[in-house]
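A quick write-up on the structure given underneath.
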Amino acid sequence: MHPADRNMLASTGDSAPIERADAARNRGKILAAAAELFAARDPRTVTMDDIAKAAGVGRGTLYRRFPNIGAIAVPLLDEHERVLQERLLRGDPPLGPGAPPAGRLAAFYAAMVELLDGHAHLVLGAEIGSARFGTGAYQFWRVHVLALLREAGVPEADSLVEPLLAPLAAEVYLNQRERGLGNAEIIAGLQRLAHRVLGENR
């Protein structure tokens, strides 16, 4: 396993504190209400008041647990993103270890498009504006892509991470779908990018 992969694995081992029963019920109601609202309309238009009303909880209860919209969307995404993180760390190549860097990045792009296809509304809720760069998942993806760039011997690797992750922003994906591009076309374009930047013929 690559040292960066071991570091990423270690960073995902934090344990959650034990919740009181009433707090757990409120948390469940808030997350369920938010998931419905995010799926029903543009997550960027959903407010904390909307979520409090839909969940049937007071504003104080909501804000004690979740300071903002992104903090609500992140745990909704967490399960899906952790599955992908596990596949990156321990899965079969080319997504998992053992394949050339260009092939692993191409496989990562395909897996991320699949994630966006099912959960773009949650990603959009969690990544409003600059909040995208502060999520734990984004930091995981960043470490992964940087490790692949360095393994491939690409110069100025650190400066290329954000450009390579930018096409995976939810706004970009949704705009492409609205313009009529299918997932296969989006994946093909991203895989071409992966091989041009990390492949032998770059």
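The test for being in contact with a helix residue (DSSP H, G or I) (Cβ under 7 Å, 6 or more places away or on another chain), outside the structural domain of ALA33 (by TED's automatic domain parsing) and either closer than 30 Å to ALA33 by Cβ or surrounded by 20 or more Cβ atoms within 10 Å (Cβ to Cβ) (or both) holds for ARG104.
Scanning the stretch 56-74 for residues that are within 25 Å of the chain's Cα centre (by Cα) and touching a residue at least 12 places away in the same chain (Cβ under 8 Å) turns up LEU62, TYR63, ARG65, PHE66, ASN68, ILE69, GLY70, ILE72, ALA73, VAL74.
Against the test of being within 17 Å of the chain's Cα centre (by Cα) and either modelled with pLDDT of 95 or more or over 18 Å from PRO101 (Cα atoms) (or both), the options GLU185, GLU127, GLU178 yield a single qualifying residue, GLU127. The number of residues in the stretch 55-69 being on the phi < 0 side of the Ramachandran plot and surrounded by fewer than 17 Cβ atoms within 10 Å (Cβ to Cβ) comes to 8.
None of LEU77, LEU37, LEU31 is crowded, with 17+ Cβ neighbours inside 10 Å, of a type in the set (A, V, I, L, M, F, W, C) and assigned by TED's automatic domain parsing to the domain that holds LEU122 except LEU77.
On the stretch given as the stretch 158-180, residues that are exposed (fewer than 15 other Cβ atoms within 10 Å of the Cβ) and part of a loop (DSSP other than H, G, I, E, B) total 2.
The values are calculated or read from the model by the stated rules, or taken from the named source; none is laboratory data. Given the structure is predicted, the values throughout are model-derived calculations rather than measurements. Cβ: placed from backbone, ideal geometry, glycine included. Neighbour counts: every protein chain shown.
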